[in-house]
Each structure stands twice: as C-alpha cells, then as structure tokens.
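First up is the structure itself, then whatever we jot down about it.
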Amino acid sequence: MATEHSRATARLMISPAVLLLLAWMIVPLALTLYFSFLRYNLLMPGMEEWAGFLNYKFFLTDPAFFSAVWKTLELVGGVLIITVVGGILLALLLDQQFWGQGAVRILVIAPFFVMPTVSALVWKNMFMNPVNGLFAYLAKVFGLPPFDFLAQAPMLSIIMIVAWEWLPFATLILLTALQSLDSEQLEAAEMDGASFISRFFYIVLPHLSRAITVVILIQTIFLLSTFAEILVTTNGGPGTATTNLTYLVYVQSLLQFDVGGGSAGGVVAIILANIVAIFLMRMIGKNLDA
Amino acid sequence: MSAITLKNVTKRFGDVTVIPGIDLSIEDGEFVVFVGPSGCGKSTLLRLIAGLEDVSAGVIDIDGADVTGTAPAKRGLAMVFQSYALYPHMSVAGNIGFPLRMAGESKEAIDKKVRAAAATLNLTDYLHRKPRELSGGQRQRVAIGRAIVREPKGFLFDEPLSNLDAALRVNMRLELSELHAQLKTTMIYVTHDQVEAMTMADKIVVLNRGHIEQVGSPLTLYNKPDNLFVAGFIGSPKMNFLGPTYAKEHGAATVGVRPEHIKISKESGLIKGTAGVAEHLGSDTFVHVHVAPDQMITVRTSGDSVLRHGDTVWLTPDEDRLHRFDAQGKAIR
Ligand SMILES: Nc1ncnc2c1ncn2[C@@H]1O[C@H](COP(=O)(O)OP(=O)(O)O)[C@@H](O)[C@H]1O
Ligand SMILES: [Mg+2]
C-alpha cells in the first residue's frame with residue numbers, strides 16, 4: 001500500500017540519484033549556455049568577455065549553418081528510409097522457417113555491436129577504397145572503372161555506412177513485432193482472397209505501424225548527432241558536402257578554437273533537435289497511444 | 001451451396017500422423033458437426049478442407065471438382081476462427097467488407113452488402129467501431145458477417161462459441177441454426193462440446209485420434225452408438241457402464257445404459273446402492289448412486305424426487321434399452 005508516509009520515504013530515498021542525474025545533465029547544459037554568450041577563443045586565453053547574442057548571430061547567418069541543417073536532415077532521412085524499408089524486408093525474411101535460422105539471426109544483429117568508428121573505417125578502407133576496396137575489385141571484375149565513393153558520392157556513402165550500423169536495430173524491433181502478429185489474422189485474410197501483397201499492406205504493415213514509429217523516433221534522436229562516421233571518413237568534406245550540425249559545432253569550437261561560437265551552435269542544435277522531436281511526436285506519436 | 005467429399009484424406013506433421021485417412025461425404029446444404037475430444041484432429045481436418053494446410057495424401061472434392069491443390073480463396077469457402085481473427089485496425093464495416101474489397105467490388109456494392117449483413121446480425125449501430133470496442137458476442141457476429149458477405153459455397157466454423165459465456169453461447173447457437181435455415185448453405189462446424197453438436201447438427205461426425213468413429217444424425221448416435229467411444233462421448237450425463245458379471249449375463253463384454261433408462265426405487269430392484277449427490281434441475285433430477293466402492297451410476301428421475309444423501313436405493317435397468325458391446329468395443333445388435 002502506498003500510504004502518504006511510505007511515498008514520502010520513497011521520495012527521500014531516490015532523491016540522491018535524482019539529484020545526481022539532474023546535476024549530470026544541468027551542469028554541462030548550463031556551461032554550454034554560459035559559454036555561448038561569451039567571446040571565448042582558445043587562441044586568446046584570458047580574453048573572455050561578454051558577447052551577448054553575437055555568437056548566435058554569426059552562427060545563424062553563416063551559410064555553412066544552413067548547409068549543415070540540410071545535410072543533417074538528408075543524413076537522418078536517408079538512413080531512416082533505408083533502415084525501415086530494409087528492416088521490414090529482413091524481418092519478413094527472418095520470420096520464415098529455414099535451416100540455420102538461429103545463426104543467421106545472430107549474424108544479422110552483429111553489426112550493432114561494432115563501434116561506429118571501427119565500422120566506418122572498415123567501410124572506408126576495405127569496401128569503398130578506390131584502389132584496394134572490395135567494391136573497386138568488383139567493378140574491375142565487370143570491367144568498369146572503380147568508383148571513389150567517399151569523393152564522388154560522399155553523403156550517400158555516409159548514409160550507407162550509418163544505415164548498415166542501424167539496420168540490425170530496426171530489424172530486431174520489427175521482427176519482434178512481426179512475431180506477435182496473430183497467424184489466424186493472416187489466414188483469415190488468405191481465405192478472404194487477399195494476395196500476398198494485399199496481406200502485407202492491409203494486415204502486416206498496419207500491425208507494424210507502432211514498431212515502425214518506435215524505430216523512427218529512437219533512430220532520429222541518435223542520428224541527429226552522427227559524428228564519428230564523418231570524422232574518420234570524410235572529415236565533413238569534400239568541401240562541406242558531409243558537414244552536419246554536430247560536425248559543424250566540432251569545426252567551430254575545436255578546429256577554429258572558437259568555444260563561444262561552438263557552444264552557440266550546440267545550443268542551436270539542441271533546439272533544432274527538440275523541434276524535430278516535437279514534430280515527429282505530433283506526426284506519428286499518435287500511433288503510440290491507444 | 002455445395003457438396004464436399006473427402007477421399008482417404010491424410011495429414012502428417014513430420015513423423016506424426018494426425019489424420020490417418022478419412023473418407024466422408026457432406027451433402028449440399030447440410031449442417032455437419034465434427035465433434036471429438038481436444039487434440040483429436042478436428043481443427044486440422046477443417047483446415048485441410050479450407051486449404052490452409054496441404055493434405056499429405058487423398059483428395060478433396062467440392063461440387064465434384066477436385067480442389068486438393070487449390071488455394072484457399074479459390075475454394076469458395078468462408079471460415080470463422082475461434083479467435084475471430086478480426087483485423088484490429090479496421091472498423092466493423094472495414095472488416096465485413098474486406099473480402100469484397102479483395103474481390104475488387106465497387107464501393108457502392110460493398111457498402112450495400114455490408115449494410116445488409118450488418119442488419120441481419122444486429123451490427124448496424126457499430127459499423128464505425130473498432131473490434132476492440134466490441135463485446136465478445138459482437139466480435140463473433142462481425143466474424144460471421146465477414147463470412148456471409150462473400151456468399152460462400154460453404155461455411156467452416158472452428159469452435160466459434162468457445163470464447164463466449166454460457167448464456168451467450170446458447171443464444172448464438174440458436175442464431176447460427178437460424179442462419180443456416182435462412183441461407184441453406186453447407187456448414188461445417190467443429191466443437192468439442194457434444195451439446196453443441198447434438199443441438200445444431202443435421203449430421204454429426206464423431207472423431208477420435210484422427211479416426212471417424214461414427215457418422216449419423218444426433219438421434220442415431222444417441223440411440224444406436226456404433227462403439228463404446230461414441231456411447232461414452234454422446235449424451236449428458238454420460239451413459240452408465242455396468243459391471244462385467246451383469247454384462248456376461250447379457251452376452252457382452254460391456255453393457256451400457258443411459259441414465260433415463262434406469263428405474264430407481266426405495267423398495268426393490270436389481271442392483272442395490274446408496275444415493276449420493278442429487279442434482280436438481282427442476283425438470284429432472286440426476287441422482288448419483290454408489291453401487292460398489294469404485295462404481296457410480298447416474299440415474300434420471302422426476303424433478304420432485306425426494307431421495308436423500310445416504311438413502312439405500314434399488315436400481316433396475318430397462319432390459320430393452322441396453323447397449324451391448326463386444327470385447328473390441330463394437331456394438332452388438
Ligand atoms: N502445425 C502443427 N505441427 C505439428 N503438430 C500439429 C500441428 N497442428 C496440429 N498438430 C497436432 O495435431 C493434433 C490435432 O490438433 P488439432 O486439429 O488442433 O486438434 P483439435 O482441434 O481437435 O483440438 C494435435 O495432437 C496437435 O498437437
Ligand atoms: Mg481445435
């Protein structure tokens with residue numbers, strides 16, 4: 001029984017943990033906010049001074065900013081499309097009975113355990129490298145000139161790498177959802193004259209809608225801050241072809257030593273991420289209640 | 001409307017033979033009930049007829065055409081599942097209209113047929129609701145509605161009433177019988193409940209471990225069971241089986257007699273016993289009489305019976321109504 005008394009005790013008992021978590025979150029956020037209003041350059045130590053909204057003005061009027069927002073959306077959108085569509089197809093495949101099912105399922109999930117830095121380097125050096133890469137070798141086998149992925153299609157290459165990392169997550173969630181579909185519903189639809197395609201669109205897809213929502217929401221949160229894959233492959237380039245918001249903040253604060261400008265960029269990124277999150281919640285979050 | 005014929009239909013799951021070979025013919029417009037204990041293969045047999053499972057051997061004919069390899073949708077049969085299998089994200093109207101939509105009918109035609117079906121089934125006020133907003137009985141009706149809009153050649157029901165409470169079950173039983181009288185379409189109905197079988201069927205097929213034990217009208221099965229299994233399965237309360245000494249006197253290995261064919265008296269009779277629990281149903285009373293330490297005989301008496309627990313009573317079976325069975329359990333006639 002949760003009496004008044006026991007509830008008060010419970011609150012008292014968990015308060016240290018809550019306070020610690022709060023501090024953990026609040027301190028960096030407050031510092032970032034504080035720095036964003038300073039003229040603070042690491043090349044000029046001791047010269048910090050109040051700058052008002054100047055950092056924000058510079059960051060928001062920088063053409064690199066709009067490019068970065070666009071690149072961020074491109075990256076998130078591209079990866080979401082590939083992982084959701086690919087995840088559904090893989091889940092449908094893995095849901096079938098076949099020999100070696102268990103082993104295949106573990107293999108499909110394996111990429112999730114590879115660190116982003118490592119997987120990006122593996123893709124860069126072993127697959128996409130125009131001289132030694134597997135894709136270049138395949139192109140040669142077919143008598144085609146090798147394609148320098150990271151130079152000629154940098155954003156697409158990054159999307160492929162990140163999608164490869166997230167495909168297992170999407171597959172896993174969608175497979176679990178698929179397995180909870182009542183097989184009698186599919187049989188009823190089959191008796192009702194629905195073809196395989198109709199059964200997919202009228203029965204399976206609506207059943208998966210909630211899981212798809214979860215996949216999109218969770219992945220968006222993580223994909224907005226993609227960084228390691230860009231750092232180790234293209235360094236944001238060529239030019240600014242793969243500079244997303246996270247990478248732009250990094251360039252500002254650590255390559256140009258402008259902590260104030262970088263912090264302002266960070267705050268802008270937080271605000272934009274929240275706008276996207278609210279937008280997503282509005283659009284598809286209604287799938288989650290009910 | 002259609003006649004369905006099974007010839008040596010066999011089903012194996014891996015090494016396990018669930019149905020070892022069944023021959024059965026179902027006439028056009030008949031209400032046939034498959035009845036048998038749980039796990040005897042009723043659902044499997046129904047799914048074979050529906051086409052949801054492939055036969056391991058044998059032939060299934062509908063209206064003289066071999067449909068053994070035909071896809072479920074092309075057989076023209078509609079099925080109502082035990083779990084109802086409604087589509088949860090579609091409204092009642094969407095559910096009922098789904099087969100028509102799959103058949104590519106026009107919006108107006110679908111709307112008209114859905115309304116007609118909903119009117120028959122008292123669902124008109126619920127057409128816009130989702131299945132989860134309906135009671136069990138209403139869901140059942142939606143499932144039936146989805147089956148009837150297609151105007152199928154035959155209906156297949158797999159224990160459709162087992163998820164309903166007792167009062168609703170009696171109601172739905174009547175409604176289904178009424179529906180059959182209206183549509184005059186062949187219906188195959190699977191249940192483990194012999195009361196459902198007795199009350200609804202034109203023809204009962206008693207199944208046991210994948211075999212057909214007997215096929216016949218409810219009264220044939222009740223009055224002339226072919227074997228011990230049918231005798232024990234059909235009828236409620238169950239038929240009484242009397243001791244071997246009594247059986248031998250009548251030239252049989254086992255003798256059975258139904259509760260209503262035993263006279264009970266406080267003064268005299270053939271078998272002496274002690275009255276146990278009496279179940280008063282108002283119209284009848286079923287008295288459970290202990291005749292030996294491990295043997296009990298159920299007797300039907302009038303509703304106003306005044307026997308008390310522990311009374312000494314005498315039982316006399318009606319010699320003309322005995323069911324005699326040989327050592328293999330076959331009826332001796
Ligand atoms: N897909 C299947 N694979 C293996 N065995 C099955 C399968 N379906 C049913 N069985 C077996 O077949 C037997 C009959 O099942 P079923 O037809 O569902 O019985 P009923 O409907 O009479 O209760 C059971 O012993 C069951 O275990
Ligand atoms: Mg069953």
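The values are calculated or read from the model by the stated rules, or taken from the named source; none is laboratory data. Remember, it's a predicted structure, so these values are computed and weren't measured experimentally. Here Cβ is always computed from backbone atoms with ideal geometry, including for glycine, and neighbour counts include all displayed protein chains. These area figures cover heavy atoms from the full protein model, side chains too; ligands, DNA and RNA do not enter into them. Shrake-Rupley method; radii C 1.70, N 1.55, O 1.52, S 1.80 Å.
Closer than 24 Å to B:Glu159 by Cα, more than 14 Å from chain A (Cβ to nearest Cβ) and either away from ligand 1 (no atom under 16 Å from the Cβ) or at pLDDT below 95 (or both), is that true of B:Ile60? Answer is yes for this residue. Every condition in (1) more than 14 Å from every other protein chain (Cβ to nearest Cβ); (2) small (Gly, Ala, Ser); (3) touching a residue at least 12 places away in the same chain (Cβ under 8 Å) is met by B:Ala78 except one, and the failing one is (1). The set of residues in region B:125-170 that are open to solvent by 60 Å² or more (accessible area, probe 1.4 Å) and either within 16 Å of ligand 1 (Cβ to nearest atom) or outside the structural domain of B:Glu27 (by TED's automatic domain parsing) (or both) contains only B:Asn163.
Does B:Phe31 satisfy being farther than 16 Å from B:Ile60 by Cα, in contact with an Asp or Glu (Cβ under 7 Å, 6 or more places away or on another chain) and either within 7 Å of ligand 1 (Cβ to nearest atom) or more than 14 Å from chain A (Cβ to nearest Cβ) (or both)? In short, yes.
Regarding A:Ala51, is this residue open to solvent by less than 80 Å² (accessible area, probe 1.4 Å) and under 25 Å from A:Ala264 (Cβ atoms)? It is true that A:Ala51 is open to solvent by less than 80 Å² (accessible area, probe 1.4 Å) and under 25 Å from A:Ala264 (Cβ atoms). Within region B:1-53, being more than 11 Å from ligand 2 (Cβ to nearest atom), crowded, with 21+ Cβ neighbours inside 10 Å and basic (Lys, Arg) holds for one residue alone: B:Lys11. Among the residues of region A:89-100, those identified as part of a loop (DSSP other than H, G, I, E, B) and open to solvent by less than 80 Å² (accessible area, probe 1.4 Å) are A:Asp95, A:Phe98, A:Gly100.
Out of region B:103-139, which residues are within 14 Å of chain A (Cβ to nearest Cβ), without any contact (Cβ under 8 Å) to a residue 12 or more places away in the chain and either of a type in the set (Val, Ile, Thr) or within 23 Å of B:Leu77 (Cβ to Cβ) (or both)? Result: B:Gly104, B:Glu105.
On the given criteria, is B:Ile62 within 16 Å of ligand 2 (Cβ to nearest atom) and assigned by TED's automatic domain parsing to the domain that holds B:Leu183? Taking the combined requirement at face value, the residue does not satisfy it. Is at least one residue of region B:142-156 within 16 Å of ligand 2 (Cβ to nearest atom), more than 14 Å from chain A (Cβ to nearest Cβ) and aliphatic (A, V, I, L, M)? Within region B:142-156, none of the residues are within 16 Å of ligand 2 (Cβ to nearest atom), more than 14 Å from chain A (Cβ to nearest Cβ) and aliphatic (A, V, I, L, M). Of all residues in region A:156-209, those satisfying the criterion of being at the interface with another protein chain (Cβ under 10 Å from one of its Cβ atoms) and either closer than 30 Å to A:Lys71 by Cα or in contact with an Asp or Glu (Cβ under 6 Å, 6 or more places away or on another chain) (or both) are A:Leu205, A:Ser209.
Pairs meeting the criteria (first residue in region B:41-53 and within 13 Å of chain A (Cβ to nearest Cβ), second residue near ligand 2 (Cβ under 9 Å from one of its atoms) and open to solvent by less than 20 Å² (accessible area, probe 1.4 Å), beta carbons under 6 Å, at least 6 apart or on different chains) are B:Ser43/B:Asp158; B:Leu46/B:Asp158; B:Leu46/B:Val190. Flag: B:Met90 matches the condition of being more than 30 Å from B:His192 (Cβ to Cβ) and within 14 Å of chain A (Cβ to nearest Cβ). Residues being within 13 Å of ligand 1 (Cβ to nearest atom), of a type in the set (A, V, I, L, M) and either touching a His at 6+ places or on another chain (Cβ under 6 Å) or closer than 20 Å to B:Phe13 by Cα (or both): count how many of those fall in region B:34-57. Qualifying residue count, region B:34-57: 6. Within region A:32-68, work out how many residues are assigned to a helix (DSSP H, G or I) and more than 23 Å from A:Asn244 (Cβ to Cβ). Residues that pass the stated criteria total 2.
A quick yes/no check of all residues on (1) open to solvent by 10 Å² or more (accessible area, probe 1.4 Å); (2) in contact with a Gly (Cβ under 9 Å, 6 or more places away or on another chain); (3) part of a loop (DSSP other than H, G, I, E, B):
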site	(1), (2), (3)
B:Leu219	yes, no, no
B:Pro225	no, yes, yes
B:Ala231	no, yes, no
B:Phe241	yes, yes, no
B:Ala252	yes, no, yes
B:Glu260	yes, no, no
B:Glu267	yes, no, yes
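Figure legend. Inter-residue proximity from region A:77-88: first residues in a helix (DSSP H, G or I), second residues surrounded by fewer than 20 Cβ atoms within 10 Å (Cβ to Cβ) and not hydrophobic (A, V, I, L, M, F, W, C), beta-carbon distance below 8 Å, spacing 6+ or different chains. Indicated pairs: A:Leu80/A:Thr220.
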